[in-house]
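K.L.:
Structure incoming, see below.
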Amino acid sequence: MEIKVQPKLIIHGGAGSSLKGKGGVEAVRRSLYPIIEEVYSLLESGTNAKEAVLRGCQMLEDDPCFNAGTGSVLQSDGQIRMSASVMDGTSQSFSGVINVSRVKNPIDLAIALQSSPDRVLSDYGAAELARELQIPTYNGLTELRLQEWIQERQDNFKRTMAGVVAEAELVEASNARRGTIGVVALDTEGKLAVGTSTGGKGFERIGRVSDSAMPAGNYATKYAAVSCTGIGEDIIDECLAVRVVIRVTDGLSLKEAMQRSFTEAQEHKRDFGAIALDASGAIAWGKTSEALLAAYHNGDKIGDTLEIPMGTEVGCIFSAESSV
Ligand code: GLY
């Protein structure tokens, strides 16, 4: 098959404080790299960006290491409520679900709503959609997340939870509240799409709405697409995904848009990260948090952000060869 545009792909499994030691880094690579390989080969074989994003998000949601789908954290009342959204850069249409329970892949509901006149549904509406689509009920609770919640309750909710990766020995306790998954894809037609999914912050009030089902956390035009992770309230305050995408849409390079947006985020003491692609194939990531769990395929090989030193806020990969 003739490839018109070299596909590009970047995914993330959250942000947080530094992963402890090599074991942590390698464990995260073992989760992220097979997903990059499978989704990138789909893109190479002509799968469109939105379908590739769907598959990538499903795989990340199914990995209990990440705070989305299976392995989602529990809210203050001990329940799992998940949020997810998709944006197609070509049609510039956003769709999503907020605080949905008892489904395996919230991203499936977000995708189903792409063709609906009502494109963002919350709890009861999302549950009704799952019933209409005959999606079987599913319990994404894992033993580790339950134990985390019980421990927090015993400590009278003093400590934080929702480690960015659900393996206690891999992460610092302060990794709380930043877990999310996201996928950004550029297909062989040069079309962009993005998807983001989360179990939320952990221990949040019932009804708290995550950035992951808002344009602040997940946004695309035909020029650029961005998925965010980190403290949802910080992402909303910066309207981060929209801020970066609109800057590119208005003519800034992706690198300039990310640099400007993350400089502002540092000034505002925000705690988050983001991954991005533009229509020219530039790949970018940014973080104010210590660690960003992202991996990408640049058309030549897989790379990641797992060992980026502290103080490096933004990275941009322009082609198979160069990175800045
Ligand atoms: N960024 C995920 C959340 O705060 O819900």
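The values are calculated or read from the model by the stated rules, or taken from the named source; none is laboratory data. All values derive from a computational prediction rather than experimental measurement. Every residue, glycine among them, receives a Cβ derived from its backbone with ideal geometry; neighbour counts consider all protein chains shown.
K.L.:
Answer yes or no: is there a residue in the range 106-118 that is crowded, with 20+ Cβ neighbours inside 10 Å, out of contact with any Ser or Thr (no Cβ under 8 Å at 6 or more places or on another chain) and more than 24 Å from Ala15 (Cα to Cα).
P.N.:
Checked the range 106-118: at least one residue is crowded, with 20+ Cβ neighbours inside 10 Å, out of contact with any Ser or Thr (no Cβ under 8 Å at 6 or more places or on another chain) and more than 24 Å from Ala15 (Cα to Cα).
K.L.:
Examine the range 210-217 for a residue that is closer than 21 Å to Ala52 by Cα, within 10 Å of the chain's Cα centre (by Cα), crowded, with 23+ Cβ neighbours inside 10 Å and more than 8 Å from the ligand (Cβ to nearest atom), and state whether such a residue exists.
P.N.:
Looking through the range 210-217, none of the residues is closer than 21 Å to Ala52 by Cα, within 10 Å of the chain's Cα centre (by Cα), crowded, with 23+ Cβ neighbours inside 10 Å and more than 8 Å from the ligand (Cβ to nearest atom).
K.L.:
Anything in the range 68-93 that is more than 19 Å from Val226 (Cβ to Cβ) and crowded, with 20+ Cβ neighbours inside 10 Å? List them, or say none.
P.N.:
Of everything in the range 68-93, those that are more than 19 Å from Val226 (Cβ to Cβ) and crowded, with 20+ Cβ neighbours inside 10 Å turn out to be Gly69, Thr70, Gly71, Ser72, Val73, Leu74, Gln75, Ile80, Arg81, Met82.
K.L.:
Oh, and also: For Cys57, all conditions in the list (1) surrounded by fewer than 24 Cβ atoms within 10 Å (Cβ to Cβ); (2) touching a helix residue (DSSP H, G or I) at 6+ places or on another chain (Cβ under 8 Å) hold save one; what is the number of the exception?
P.N.:
Cys57 satisfies all of (1) surrounded by fewer than 24 Cβ atoms within 10 Å (Cβ to Cβ); (2) touching a helix residue (DSSP H, G or I) at 6+ places or on another chain (Cβ under 8 Å) except (1).
K.L.:
Could you please give the count of residues in the range 278-295 that are out of contact with any Asp or Glu (no Cβ under 7 Å at 6 or more places or on another chain) and either crowded, with 24+ Cβ neighbours inside 10 Å or at pLDDT below 95 (or both)?
P.N.:
Residues in the range 278-295 being out of contact with any Asp or Glu (no Cβ under 7 Å at 6 or more places or on another chain) and either crowded, with 24+ Cβ neighbours inside 10 Å or at pLDDT below 95 (or both): 8 in total.
K.L.:
Right, next: Select, from Thr229, Thr198, the only residue that is over 23 Å from Gln266 (Cα atoms), modelled with pLDDT of 95 or more and within 8 Å of the ligand (Cβ to nearest atom).
P.N.:
Unique residue meeting the criteria: Thr198.
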